[in-house]
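Notes follow once the structure below has been shown.
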Amino acid sequence: MGTALSKIITINEENRLLISNKPIFQLAHKDAIRMRNKLRVAKNRINNFLKKSIKTTSWVVWIAGVSVVVLVTPIAFQYEKECQLFEMQAQFFQAQQAANVPQLN
């Protein structure tokens with residue numbers, strides 16, 4: 001019975017604190033200033049981290065894009081030339097085979 005009564009009392013105290021508009025934490029002026037400074041420092045650190053990460057990410061994307069243009073594009077053009085060469089060789093071979101067929105009369 002005592003534990004139930006103590007829980008009821010604590011619930012009533014919590015409700016009284018919630019109903020009253022008084023702040024739960026009473027911070028001294030020095031503590032409030034200290035808290036604001038800590039929040040300002042944390043905000044600045046997060047902003048600096050985000051700026052550096054965006055800068056690094058854009059640098060990595062730039063390097064990857066330039067590498068693709070410089071290294072992969074010539075290979076793609078060379079591959080296309082080889083494909084055209086093989087197609088021409090196949091056409092010549094087919095024309096040669098068609099010309100060598102003996103005709104029966």
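As an exercise, use a Förster radius of 35 Å and the Cβ-Cβ distance of Leu50 and Phe77 to find the FRET efficiency, rounded to the nearest 0.05. Kindly include the intermediate steps, with their values, before the conclusion.
On the way: r = 40 Å, r/R0 = 1.15.
Between Leu50 and Phe77 the formula returns 0.30.
Gain on full extension, evaluated as 0.36 nm per residue between Ala64 and Phe86 minus their Cα-Cα distance, stands at 4.7 nm.
Readers should treat all values here as calculations from the given coordinates under stated rules, not as data from a laboratory. None of the values given here were measured: they were computed from a predicted structure. Positions of Cβ are backbone-derived with ideal geometry, glycine not excepted, and every protein chain shown enters the neighbour counts.
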